[in-house]
Amino acid sequence: MKTYKIAVIGGDGIGPEVLAEGIKVLDRAAEMGGFAFEYTHFPWGCRYYLDTGRMMPEDGIEILSKFDAIYLGAVGYPGVPDHVSLWGLLLEIRHGFDQYINLRPVKLLRGAPCPLKDVDPGDIDMIVIRENSEGEYAGAGEWLFKDTPAEVALQTGVFSRKGTERVIRYAFELAKKEGKSVTSISKGNALNYSMVFWDKIFKEVSAQYPDVPTHHLLVDAASMFFVKDPKRFEVVVTSNLFGDILTDLGAAISGGMGLAAGANLNPEGEFPSMFEPVHGSAPDIAGKGLANPLAAIWSASQMLDHFGYPELGKRVIDAIEKVMVEAQCLTPDMGGTATTSEVGDRVAQLL
Ligand code: NAD
Ligand code: IPM
Ligand code: MN
């Protein structure tokens, strides 16, 4: 039987709680599809850091490179500075495995809570493609004259031709395949090097896809339209930081942080890809059975797509939708009283 080797990094806070539910659903899907998942759990994260001084072992990337995919919960917890925990694990994996596409669906399913007026399921159906390897997250910078009155912090955005072109091209290929438009979101009026460059590359690549309708928005206006007119967006392509911010906004208009999923892809398959909810470790609700596992389950569905089982991926989304429509078994963030594990059980059952 075909067996996929999955590295599971639950991480911190609610990370392990929500992954446990995603695994229930993955196992049910594998049973239906006649294949199997084999999980190896790694205890990496903030507790591991406090014990060892590292977020993962020195050869962590090498260890992970042997797996078909990574399933990650969340990283970050009070007690370890966030930039240390994130750069020591999550961002290290995204960069180390050149997972340059961050695919984040923003889709309002039936039954999902939506704070917007006059918006129906189907009205919000976009896929945000976030550049995931460089840009504002390149980690390039300097802290001069630290802890003196003269201190200066520099954080350099890095936009290479290769990095910018490949993410924009990915967006066009997807849009072409699905008959959709592409909206580029940037900020060339203020960021007079990086975003003027981004806009230039977008124009160049778009010229090679004359049949794909294109739009271009400045990120401030785009944020406004996410709320006022989300229907206008189909495939969205944007930089690392803008994509980070816009996808929390996207989560807010399409069911909340408990439902937002993401896939960090190395499209060439040279390295493993990583699947994770968009949300963080939510220390405020960790360990109480309150976390909504649907985001982790949705990212499991993205893993099924990635392994070439889009019908199974779709059935997982349908099961998520069903659990929200029946509204009998939902966590408190969606107005219910069910626990994390009850929701996972119900989705697996509906599947
Ligand atoms: P967060 O996403 O953890 O939480 C924001 C709010 O959303 C909180 O009120 C939380 O209770 C709620 N929430 C999040 N996920 C939920 C879920 N599944 N079910 C119900 N409610 C949910 O963001 P934060 O509070 O800004 O960050 C907390 C920590 O997580 C920080 O250390 C941050 O750096 C880290 N973080 C990690 C990731 C990641 O690993 N991918 C993503 C974001 C933040
Ligand atoms: C996300 C998170 C991360 C990011 C943080 C934790 C570094 O917010 O995946 O959206 O900004 O990419
Ligand atoms: Mn984020």
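The values are calculated or read from the model by the stated rules, or taken from the named source; none is laboratory data. The shown structure was predicted, so the numbers you read here are calculated from the model rather than taken from an experiment. All Cβ positions, glycine included, derive from the backbone under ideal geometry; neighbour counts span all protein chains shown. To get the accessible areas, we keep the full protein, side chains included, count just its heavy atoms, and leave off ligands, DNA and RNA. Shrake-Rupley method; radii C 1.70, N 1.55, O 1.52, S 1.80 Å.
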So which of 295, 282, 221, 261 is modelled with pLDDT of 95 or more and more than 16 Å from ligand 3 (Cβ to nearest atom)? 221
Subset tally (residues that are open to solvent by less than 80 Å² (accessible area, probe 1.4 Å) and touching a residue at least 12 places away in the same chain (Cβ under 8 Å)) for the stretch 114-152: 24
Out of the residues in the stretch 282-318 meeting the condition of being open to solvent by 10 Å² or more (accessible area, probe 1.4 Å) and under 15 Å from the mean Cα position of the chain (by Cα), tell me which one is nearest to residue 33 (Cα to Cα). 305
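For the stretch 262-277, does any single residue satisfy the condition of being part of a loop (DSSP other than H, G, I, E, B) and closer than 19 Å to residue 244 by Cα? Before the answer, list the steps.
Filtering the stretch 262-277 down to residues part of a loop (DSSP other than H, G, I, E, B) leaves 266-272.
Filter once more, keeping what is closer than 19 Å to residue 244 by Cα: 266.
Yes, the stretch 262-277 contains a residue that is part of a loop (DSSP other than H, G, I, E, B) and closer than 19 Å to residue 244 by Cα.
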For the stretch 75-91, which residues satisfy the criterion of being more than 30 Å from residue 125 (Cα to Cα), free of Cβ contacts under 8 Å to residues at least 40 places away in the same chain, part of a helix (DSSP H, G or I) and not small (Gly, Ala, Ser)? 82, 83, 84
Answer yes or no: is there a residue in the stretch 306-319 that is in contact with a strand residue (DSSP E or B) (Cβ under 8 Å, 6 or more places away or on another chain) and closer than 17 Å to residue 22 by Cβ. yes
Given (1) open to solvent by 10 Å² or more (accessible area, probe 1.4 Å); (2) within 14 Å of residue 126 (Cβ to Cβ), identify the lone condition not met by residue 183. (1)
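Only one of 348, 296 is under 30 Å from residue 67 (Cβ atoms), touching a helix residue (DSSP H, G or I) at 6+ places or on another chain (Cβ under 8 Å), within 16 Å of ligand 2 (Cβ to nearest atom) and of a type in the set (A, V, I, L, M); which?
Within the list 348, 296, the selection yields 296.
Could you check how many residues of the stretch 51-94 are within 14 Å of ligand 1 (Cβ to nearest atom) and open to solvent by 50 Å² or more (accessible area, probe 1.4 Å)? If you could, list the steps in order and put the result at the bottom.
Kept after step one, since they are within 14 Å of ligand 1 (Cβ to nearest atom), are these residues of the stretch 51-94: 55-56, 70-94.
With open to solvent by 50 Å² or more (accessible area, probe 1.4 Å) added as a condition, the list becomes 77-79, 81-83, 87, 92.
Of the residues in that region, 8 qualify.
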Within the stretch 267-281, of all residues that are among the small types (Gly, Ala, Ser) and over 12 Å from the mean Cα position of the chain (by Cα), the one nearest to ligand 1 (Cβ to nearest atom) is 281
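Which ones in the stretch 14-39 are among the aliphatic types (A, V, I, L, M) and either farther than 14 Å from residue 307 by Cα or within 16 Å of ligand 3 (Cβ to nearest atom) (or both)? Step through it out loud before you land on a result.
Step one: list which residues in the stretch 14-39 are among the aliphatic types (A, V, I, L, M), which gives 14, 18-20, 23, 25-26, 29-30, 32, 36.
Scanning the stretch 14-39 gives 14, 18, 19, 20, 23, 25, 32.
Working carefully through the options 94, 104, 47, 110, find the one that is among the basic types (Lys, Arg), closer than 30 Å to residue 226 by Cα and part of a helix (DSSP H, G or I). Don't jump to the end; show me each part of the working.
Values: 104 fails: part of a helix (DSSP H, G or I); 47 fails: closer than 30 Å to residue 226 by Cα; 110 fails: part of a helix (DSSP H, G or I).
Of 94, 104, 47, 110, the one residue that is among the basic types (Lys, Arg), closer than 30 Å to residue 226 by Cα and part of a helix (DSSP H, G or I) is 94.
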Taking the stretch 333-351 on its own, how many of its residues are open to solvent by 60 Å² or more (accessible area, probe 1.4 Å) and over 20 Å from the mean Cα position of the chain (by Cα)? 6
Going through the stretch 282-325 one residue at a time, which ones are of a type in the set (A, V, I, L, M), in a loop (DSSP other than H, G, I, E, B) and on the phi < 0 side of the Ramachandran plot? 285, 286, 290, 291
